[in-house]
Amino acid sequence: MLAYNYFSGEPITHFEEGRPLFVRTPESHFTLANFMRSHLFSALATLKIGMDILFEQEKVRVDQVLGHGGFFKTKNVGQKIMAAVMNVPISVMETAGEGGAWE
């Protein structure tokens with residue numbers, strides 16, 4: 001399952017306009033959990049592209065990230081997905097689900 005959540009343009013991937021789209025193969029297991037998981041991964045797709053540039057081309061090294069904001073509202077879910085995307089351990093505080101992503 002793939003979700004392309006471009007509601008507007010995205011300069012880093014060279015999309016001038018939005019193209020929201022959700023696609024799946026007939027063999028995919030279309031469950032609510034998989035549907036939501038695909039959207040959460042999609043929300044981090046551009047972050048992944050940017051982090052790959054930093055890690056691979058610029059040789060930036062990150063030991064750990066402290067996450068907070070709405071993405072971490074449901075315990076462990078956002079943390080596990082972001083760790084998978086960034087390939088870096090993600091820590092969250094008990095108040096991680098409160099506040100904005102960039103404070």
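The values are calculated or read from the model by the stated rules, or taken from the named source; none is laboratory data. The model shown is predicted, which means the values in this text are computed figures rather than measured ones. Every residue, glycine among them, receives a Cβ derived from its backbone with ideal geometry; neighbour counts consider all protein chains shown. Surface areas here come from the heavy atoms of the whole protein model, side chains and all, with no ligands, DNA or RNA. Shrake-Rupley method; radii C 1.70, N 1.55, O 1.52, S 1.80 Å.
Annotation: of all residues in segment 56-83 being in contact with a strand residue (DSSP E or B) (Cβ under 6 Å, 6 or more places away or on another chain) and under 17 Å from S42 (Cα atoms), the one that is most open to solvent (accessible area, probe 1.4 Å) is Q79.
The one condition from (1) of a type outside the set (S, T, Y); (2) in contact with a Ser or Thr (Cβ under 9 Å, 6 or more places away or on another chain); (3) closer than 21 Å to N87 by Cα that E17 does not meet is (3).
Looking only at residues that are assigned to a loop (DSSP other than H, G, I, E, B) and hydroxyl-bearing (S, T, Y) in segment 1-34, which one is modelled with the lowest pLDDT? Filtering segment 1-34 for residues that are assigned to a loop (DSSP other than H, G, I, E, B) and hydroxyl-bearing (S, T, Y), the one modelled with the lowest pLDDT comes out as Y6.
For segment 71-81, the count of residues that are part of a loop (DSSP other than H, G, I, E, B), out of contact with any Ser or Thr (no Cβ under 9 Å at 6 or more places or on another chain) and of a type in the set (D, E, K, R) is nonzero. Annotation note: Cβ proximity below 6 Å between a residue of segment 59-70 that is closer than 22 Å to G97 by Cβ and a residue that is open to solvent by 60 Å² or more (accessible area, probe 1.4 Å) (sequence gap 6+ or interchain) occurs for Q64/P89.
When the residues of segment 1-44 are narrowed to those that are of a type in the set (G, A, S) and touching a helix residue (DSSP H, G or I) at 6+ places or on another chain (Cβ under 8 Å), which ends up surrounded by the fewest Cβ atoms within 10 Å (Cβ to Cβ)?
Residues of segment 1-44 of a type in the set (G, A, S): 3, 8-9, 18, 28, 33, 38, 42-43.
Those left that are additionally touching a helix residue (DSSP H, G or I) at 6+ places or on another chain (Cβ under 8 Å): 3, 28, 43.
On the way: A3: 19, S28: 13, A43: 16.
Selected residue: S28.
Within segment 35-50, residues that are assigned to a helix (DSSP H, G or I) have Cβ atoms under 9 Å from residues that are open to solvent by 40 Å² or more (accessible area, probe 1.4 Å) and among the hydroxyl-bearing types (S, T, Y) in these pairs: S42/Y4; A45/Y4, counting only partners at least 6 apart in sequence or on another chain.
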